[in-house]
Number of protein chains: 2
Amino acid sequence: MKIGLDIMGGDFAPKAIVLGAIEAQKELSSDQNLVLIGDKDQAHSIIKQAGANPDLFEYVHTTETIGMNEHPTKAITHKPNASISLGFQLLKEGKLDSFASAGNTGAMLVGAMFSVKSIPNLNRPAIASNIPKEKSGYGILLDVGANADCKAETLVQFAVLGSLFAEHIYNIPNPKVGLINLGEEEEKGNNLTHAAYPLFKEKKGINFIGNIEGRDLFNDKADVMVCDGFVGNIMLKLAESFHNLVEERNFKDDFFDRFNYEQYGGSPILGVNAPVIIGHGISSPEAIKNMILLSRLMIESKITDKIRAAFN
Amino acid sequence: MKIGLDIMGGDFAPKAIVLGAIEAQKELSSDQNLVLIGDKDQAHSIIKQAGANPDLFEYVHTTETIGMNEHPTKAITHKPNASISLGFQLLKEGKLDSFASAGNTGAMLVGAMFSVKSIPNLNRPAIASNIPKEKSGYGILLDVGANADCKAETLVQFAVLGSLFAEHIYNIPNPKVGLINLGEEEEKGNNLTHAAYPLFKEKKGINFIGNIEGRDLFNDKADVMVCDGFVGNIMLKLAESFHNLVEERNFKDDFFDRFNYEQYGGSPILGVNAPVIIGHGISSPEAIKNMILLSRLMIESKITDKIRAAFN
């Protein structure tokens, strides 16, 4: 197993990324290899400074990077030797089994679409985010930003993607699917949810429990929470800001601790032909470590094959 | 001045409503009269039990009510003697200067549209919600549920409505207007915000500061935060649920205290030809008192005239 990691992406790269890789490596078995993509010299020096052994990692050397504010499509097209571009090239060639980066989100999305591509019969991949549930465990919110405008059929496909992820990654049997809406009743909604509701009801293989509201994000009503990427992005950023408000006040609590993005392991792009994970720009070593372990879990669970089979 | 109040609407009606009216009445001057619409006998008995004087109020007696789950249009049409229907009838006839209820939100919206009606040249009225800002003071979020689908031009009109409310009710000079979006950059967004952005930029008389994100709801970037009613409703309910999570944990803090819906005074419907306020279903006496005082402020500030003038 080869787990690909861009060490040049993220606000604290490469140091935070390499330190996270060192921690993750301790939990990997001997046939699970971490491939660090980026400046090998810098990586070596960080690893040695940390008292670890550089030989425990594989390397793909490059010093070219894609900045956080670069135009995604232009950057991917014009910088074939950037760490993100190389990662996707290797993923496409089967030389990596997964690829993760805390760098430019748009470049990660474009790179995935251009290289390993969307799986057959899927309208659009989605970016999924882990959501801590108040009582315990996690749910999944999607899409959180890959698709600002969606068709009703696309939302149904997101429900399938999210259900498979919840089942095989979070081990939630028969995960409950909720359609995010402004009211619980079937007749409530906007044009999109009005069109989507009957399609969700008809769709076999998902456990649709009806509409859920903004207040249901953290409760147990639904495990898989579906919306377009515009709504999901706004909900996620609002939730993050609220978490920050609580954290700034030093309010400690199990639920708010679990809210910590560091534990998420990043946001997977669901619906492309390989495990791809986007990390938070401010990723700490702990966050990177969890992103690597989520990469391993996505490979081991064969989630990509299961998604492909569901759309076959 | 005649301030109309439905005493039959809300989860704890009539008791919580009448108790709130008693508290508000203490702050009204002799020419500011509270008109209680609903069961006069019950009102009398609650007022006497509270040791107050029933003669300090005016009454419009009815025992008919509109339930929280009744179909709004049907209820308004078929129950002309329900407290909400009577309130709007009196508002239309000029026998009230404002009308407020913590009852059925949809019936309040339909009642306002059928009776005092939308102001000329406005596409659609909006429901506005008070948002506490972290540092101090309040902002306004609109629409929070009256219009699930909006045209770009309608969002621009919401910006005008919200700016006038922020200026004349919150006394914020030249209030900053933000368009809620999934990114800050002008080119980010969905079809709606792509169409709206240039219209916001061109619009004279508003202080447009650009896109704002979900994380900006509580900070000082914008005083007036504009989105369609689908997004606004989901944001508002998500924020309320987060406030509840904090409250359940007994976390005390000035910001989270100000987040208390009881201090809001309810959500005004902006863009109809009279001050109309919808209270939270779970309104306590404190919330009702503040809704009455907001009613007075909306009358005194002549906000309706100012809105009509802006669209003339």
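General remarks:
- Distance-filtered residues of the stretch A:132-172 - backbone nitrogen under 15 Å, label point 7 angstrom along A:D220 Cα→Cβ: A:133-139, A:172
- Take the convex hull of the alpha carbons in the protein assembly as shown; its mean projected area over all directions comes to 28.5 nm².
- Under the convention that each Lys and Arg Cβ holds +1 and each Asp and Glu Cβ holds -1, the size of the dipole of the protein assembly as shown around its Cα centre is about 900 debye.
- Electrostatic bookkeeping for A:T63 treats Lys and Arg as +1 and Asp and Glu as -1; over the other residues with beta carbon under 14 Å from its beta carbon, the sum is -2.
- For the stretch B:123-270, the dipole from Cβ point charges (+1 on Lys and Arg, -1 on Asp and Glu) about the Cα centre works out to 260 debye, to the nearest 20.
- Distance between the C-alpha centres of the stretch A:211-232 and the stretch B:103-154: 23 Å, rounded to the whole angstrom.
- Teacher prompt: A:R249 distances to equivalent labels in other copies, 7 Å Cα→Cβ, nm: 0.9
- Mean projected area (nm²) of the alpha-carbon convex hull when the stretch B:202-241 is viewed from all directions: 3.3 nm²
- The modelled label-to-label distance for the pair B:N53/B:S136, using points 7 Å beyond Cα in the direction of Cβ, is 3.9 nm.
- Take every Cα pair under 8 Å whose residues are at least 6 apart in sequence, average their separation, divide by the length of chain A, and the relative contact order is 23 percent.
- The convex hull defined by the C-alpha atoms of the stretch B:80-152 has an orientation-averaged projected area of 6.7 nm².
- Over 26 Å between alpha carbons, listed pairs A:K2/A:K40; A:K151/A:K221; A:K2/A:K176: A:K2/A:K176
- Estimated at 0.36 nm per residue, the fully extended path between A:S29 and A:K201 surpasses their Cα-Cα distance by 57.6 nm.
- The residues neighbouring A:I209, those whose beta-carbon lies less than 13 Å from its own, together hold a net charge of -2 under the Lys/Arg +1, Asp/Glu -1 convention.
- Ranking B:G20, B:M298, B:N81 by Cα position along the charge dipole of chain B, where only Lys, Arg, Asp and Glu carry charges on their C-beta atoms, puts B:N81 farthest toward the positive end.
- Dividing the summed -39500 (n - 2.57) terms of all DSSP H runs of n ≥ 4 by the residue count of chain B sets its mean residue ellipticity at 222 nm at -12500 deg cm²/dmol.
- q = 0.16 Å⁻¹: log10 I(q)/I(0) that the Debye formula gives for the stretch A:134-292, counting C-alpha atoms only: -0.93
- Per residue, the convex hull volume that the Cα atoms of chain B enclose (Å³): 127 Å³
- Cβ-vector label at 7 Å, A:L293, separations to other copies in nm: 5.1
- Residues listed by number, the stretch B:109-153, amide nitrogen under 19 Å from A:E185 label point at 7 Å toward C-beta: B:109-114, B:127, B:144-149
- Local net charge near B:F311, Cβ-Cβ under 14 Å (Lys/Arg +1, Asp/Glu -1): +4
- Lys, Arg +1 and Asp, Glu -1 on Cβ, resulting dipole of chain B about Cα centre, debye, nearest 20: 620 debye
- Summary for A:M1: label point 7 Å along Cα→Cβ; distances to the equivalent points in the other copies, ascending, 6.9 nm.
Read-outs throughout are calculated quantities, based only on the coordinates presented, and are distinct from any laboratory measurement. Computed from a predicted structure; not experimentally measured. Cβ: placed from backbone, ideal geometry, glycine included. Neighbour counts: every protein chain shown.
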